[in-house]
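I have placed the structure first, in the form of structure tokens, so that the comments after it can refer back to it.
Values in this text are rule-based calculations from the coordinates and carry no lab data. Predicted, not measured: the structure shown is a model, and the values here were computed from it.
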Amino acid sequence: MLSFNKKNKAVNEEKAQELIDQPVPQPAAHSEPNALPEVADAIKPIRAKKDTFISNGALFTGVIEGDGNIIVEGRVEGNIICSHMVRIETSGHVKGEIRAQQIMINGPVEGRCFADSLSIQPKGSMRGDIFADEISIEKGGLFIGQSQLMQKTPPQAQPAQAKVTALKKVEPEQQEQPTPQPSKHAN
């Protein structure tokens, strides 16, 4: 153990140098089997530049925009816009709109969610609208609201409808009724 007293400075420097000079132990090769690539890809979180945390006990009001992952352990009253993943922890609570590639809900969320992939975990609850390509709800998760599939490719443009420029007045045809002919009776 190193202590940082001025009296033992020379001793501490010697111990520090010994630690630096020691070789770093290497892990044993092939110590455990490699996971299947498709399984590893399925559980791998999205890599981002930086993570943003809203810590437990914090209240954030407004709009959060980020290039990295956003992890909510506190309260957010407002919108979250993220280019990667938003994760709501059990202690977190969001009231507003969330937009991200991936949303993982394990706490209460009220509002609208837009994502490529949305997962409601066992302690998560979502009250509102979900617009996503993939939705999963684990046992214990709660969803109250409406969900709609987002299309990855925009729908084909509808042909323009003909524009009406003028209307012609058309009167219904009347059937000709026979006109009574004077009778030729001799009196």
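Determine the gain in length on full extension of the stretch Leu142-Ser117; use 0.36 nm per residue of separation and subtract their C-alpha separation, reporting nm with one decimal. Please list the in-between numbers first.
Working: separation 25, 0.36 × 25 = 9.00 nm, distance 1.65 nm.
Length gained between Leu142 and Ser117: 7.4 nm.
Give me a comma-separated list of calculated 3J(HN,Hα) values for the stretch 89-96, in order, Karplus coefficients 6.51, -1.76, 1.60 applied at θ = phi - 60°, integers in Hz, x for any Gly or Pro.
Values per residue, Gly and Pro as x: 7, 4, 7, x, 8, 10, 10, x Hz.
Between Asn79 and Phe53, what length comes free when the chain is fully extended (0.36 nm per residue of separation minus the Cα-Cα distance, one decimal in nm)? Could you put the intermediate results ahead of the total?
Working: separation 26, 0.36 × 26 = 9.36 nm, distance 1.48 nm.
Full-extension gain reported as 7.9 nm.
What percent do you get for the relative contact order of the stretch 48-149 when only Cα pairs under 8 Å and 6+ apart count?
The normalised contact order for the stretch 48-149 reaches 17 percent.
Would you calculate the convex hull of the Cα atoms in the stretch 90-142 and tell me its volume per residue in Å³? Kindly include the intermediate steps, with their values, before the conclusion.
Numbers: hull volume 2.8 nm³, N = 53.
Expressed per residue, the convex hull around the Cα atoms of the stretch 90-142 is 53 Å³.
Work out, in µm²/s and without decimals, the Stokes-Einstein translational diffusion coefficient of the stretch 48-149 at 37 °C, 0.692 mPa s, Rh from Kirkwood over C-alpha pairs.
Numbers: Rh = 12.9 Å.
Approximately 255 µm²/s, per Stokes-Einstein.
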